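**Student:** Please read through the structure below; I'll follow up with questions.
The values are calculated or read from the model by the stated rules, or taken from the named source; none is laboratory data. These figures come from a predicted structure and were not determined experimentally. Positions of Cβ are backbone-derived with ideal geometry, glycine not excepted, and every protein chain shown enters the neighbour counts. Note: accessible area is taken over every heavy atom of the protein model, side chains too, but ligands, DNA and RNA are not part of it. Shrake-Rupley method; radii C 1.70, N 1.55, O 1.52, S 1.80 Å.
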Amino acid sequence: MSVAEEIRTTPFAELSLDEKLDRLAEVAVKVGLGLKEGQELIMTAPLDALPLARKIIEQAYKSGAKLVTTFYSDDPSVLARFQYAPDASFDYAPTWLQDAIANGFRSGAARLAIAGANPALLSKQDPAKVARVNVAASKAGKPAMELITRHEINWTIVAAATPEWAKLVFPGEPDETAVAKLWEAIFAASRVSVEDPVAEWRQHGERLKKRVDMLNAKRFSALHFKSADGTTDLKVGLADEHLWAGGGTTAGNGIYCQPNIPTEECFTTPHKDRIDGVVRASKPLSHQGTLIENIAVRFEGGKIVEATATAGEDVLNRLISTDEGARRLGEVALVPHNSPIAQSGILFWNTLFDENAASHIALGQAYSTCIIGGEKMDSAQLASLGANESLIHVDWMIGSAEMDVDGISADGTAEPLMRKGAWV
Ligand code: ZN
Ligand code: ZN
């Protein structure tokens, strides 16, 4: 029996943390990226995620990676900029670096991001400076981000438990306990704490695909979200030629990948001019190190005309003022309230997890892959079908155990899709 087989027959709970990280790394490389022999990998990771990053690097080379290049970020270094950098720093982003990364993608590299930065890192910083930094970063990152949102390359995101994040998720616990608990929550949500995670992911992908096929066959023209307390009553028109997606995807480079680990959503492109009504967020949103709580928004003709929040309202209003498309929707996603992540009852303060615990909408850029034939269209063609364009793409959670969703056909008939947050 080889060492690998020995590990496989050991129940997950009895593995050491080192072995568990190896299991997550294997899923990230084989399932998340589907990394091909000889392919280059460009990774971004928080410095605190170094143990997982090293496991991923090992797994990537074992899968035949030509070269893994990792860009580490460090929360205290980010804070130092906000505390001491000259004012001109906040409108600057290293275009030279982002262009190099985009060139790497164009010449065949895959992309992996490890999530795990402190979700509240910039909460006490000047919202104007935070907004300026985000706009500069989005502009510089646009060429690389376009290759990702158009799914031209295989890419994935996984998470690592880090101390500051863990303390926010499990307040009052000693640091070490909080980190250990967050790791276990990540392993469970990422479906690696089972005997054969690769097979589990294959089955999970097939289940999501069935749901996606059902939704695509319906050709709904709109979705209607309605919460029991009436704080959400929102009609989301769907883009003409919209395409539902979920689970894995075959990227433009021909490689099958799972762009998010975990993933529980079926998502598509709303029509940028056909959103009307009111909607209240069901979970707080952590956006680029700032926290926005109790978002309530009113849409008219696709556009946000009123936006409030009990915390971070200034950040929210700056966010939706980024550009014309930032006030409009680029994604609508259905996630049942009985998904494993929702059932854990944990508020992760991290969109990768929270968006997979609740139905959600996203402000900003639409995915061209969620339009039939969209990969081959230019932005004017995509816009004519209702696909939104923006520098931002920010998901926020609206689903709950109190949410009903109807699919509306072109002739106006409503069909129940979700009742009390669960699929009908
Ligand atoms: Zn989503
Ligand atoms: Zn999204």
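**Student:** Do the alpha carbons of any pairs in Lys142/Lys303; Lys209/Lys376; Lys139/Lys209; Lys226/Lys303 sit beyond 26 Å of each other, and which pairs?
**Tutor:** Lys139/Lys209
**Student:** Can you give the accessible area of Asp323 in Å² (nearest 10), computed on protein heavy atoms with a 1.4 Å probe?
**Tutor:** 50
**Student:** In region 91-131, which trypsin sites (Lys or Arg not before Pro) fall in coil by DSSP and have 13 or fewer other Cβ atoms within 10 Å?
**Tutor:** Loop-located and lightly packed - Lys124.
**Student:** Can you sort Lys62, Lys55 by solvent-accessible area, 1.4 Å probe, largest first?
**Tutor:** From most exposed to least exposed: Lys62, Lys55.
**Student:** Step through the residues of region 55-67 one at a time and calculate ³J(HN,Hα) from phi using the Karplus curve (6.51 cos²θ - 1.76 cosθ + 1.60, θ = phi - 60°), rounding each to whole Hz and writing x for Gly and Pro.
**Tutor:** For region 55-67, the Karplus curve yields 5, 5, 4, 4, 4, 5, 5, 4, 7, x, 4, 6, 7 Hz.
**Student:** In addition: Do me a favour and compute the ellipsoid semi-axes for region 200-265 from its Cα gyration tensor, root of five times each eigenvalue, largest one first, whole Å.
**Tutor:** Its equivalent ellipsoid spans semi-axes of 27, 16, 11 Å.
**Student:** If you put +1 on each Lys and Arg Cβ and -1 on each Asp and Glu Cβ, how big is the dipole of region 3-189 around its Cα centre, in Debye rounded to 20?
**Tutor:** Result for region 3-189 is approximately 680 debye, rounded to the nearest 20.
**Student:** Dipole of region 161-257 (Lys/Arg Cβ +1, Asp/Glu Cβ -1, origin at the Cα centre): which of Gly254, Ala188, Leu223 lies farthest to the positive side?
**Tutor:** Leu223
**Student:** State the volume of the convex hull built on the alpha-carbon positions of region 274-347, expressed per residue in Å³ and rounded to an integer.
**Tutor:** 108
**Student:** How much net charge surrounds Arg111 when only other residues with a Cβ under 14 Å from its Cβ are counted (Lys, Arg +1; Asp, Glu -1)?
**Tutor:** My count for the surroundings of Arg111 gives 0.
**Student:** Hey, can you find the accessible area per residue of region 3-189 for me, probe 1.4 Å, expressed in square angstrom?
**Tutor:** 46
**Student:** How many percent of the accessible area of the chain is carbon or sulfur, using a 1.4 Å probe?
**Tutor:** Taking all protein chains in place, the chain shows 53 percent carbon and sulfur surface.
**Student:** Cut-off under 17 Å on the C-alpha distance; same-chain residues fewer than 8 positions from Lys210 excluded. Which aspartates and glutamates are left, in chain and number order?
**Tutor:** Reachable aspartates and glutamates: Glu200, Glu264, Glu265.
**Student:** In addition: Do the sum for the chain: with -39,500 (n - 2.57) for every DSSP H run of n ≥ 4, divided by all residues, what is the mean residue ellipticity at 222 nm, to the nearest 500 deg cm²/dmol?
**Tutor:** Helices in the chain give a 222 nm mean residue ellipticity of -10000 deg cm²/dmol.
**Student:** Accessible area per residue, 1.4 Å probe, Å², for region 219-359: what's the number?
**Tutor:** Accessible surface, normalised per residue, equals 34 Å².
**Student:** A further question follows. Determine, from the Cβ-Cβ distance of Gln203 and Glu146 and an R0 of 30 Å, the FRET efficiency 1/(1 + (r/R0)^6), rounded to the nearest 0.05.
**Tutor:** It comes to 0.40.
**Student:** What longest range of the chain stays clear of loop-exposed GluC sites (Glu not before Pro) (DSSP non-H/G/I/E/B, at most 13 other C-beta within 10 angstrom)?
**Tutor:** 196-424
**Student:** How compact and how long is region 9-163, expressed as Rg and Dmax of its alpha-carbon atoms in Å?
**Tutor:** Rg, Dmax (Cα atoms, Å): 17.1, 57.
**Student:** Just for the chain, what percent of DSSP beta bridges are antiparallel, to the closest 5?
**Tutor:** Expressed as a percentage, antiparallel bridges in the chain total about 75.
**Student:** Quick one, can you get me the convex hull of the C-alpha atoms of the chain expressed as volume per residue in Å³?
**Tutor:** 138
**Student:** Go through Lys66/Lys181; Lys62/Lys181; Lys36/Lys272; Lys283/Lys420 and tell me which ones have a Cα-Cα distance over 27 Å in this structure.
**Tutor:** Among Lys66/Lys181; Lys62/Lys181; Lys36/Lys272; Lys283/Lys420, the Cα-Cα distance tops 27 Å for Lys66/Lys181; Lys62/Lys181; Lys36/Lys272.
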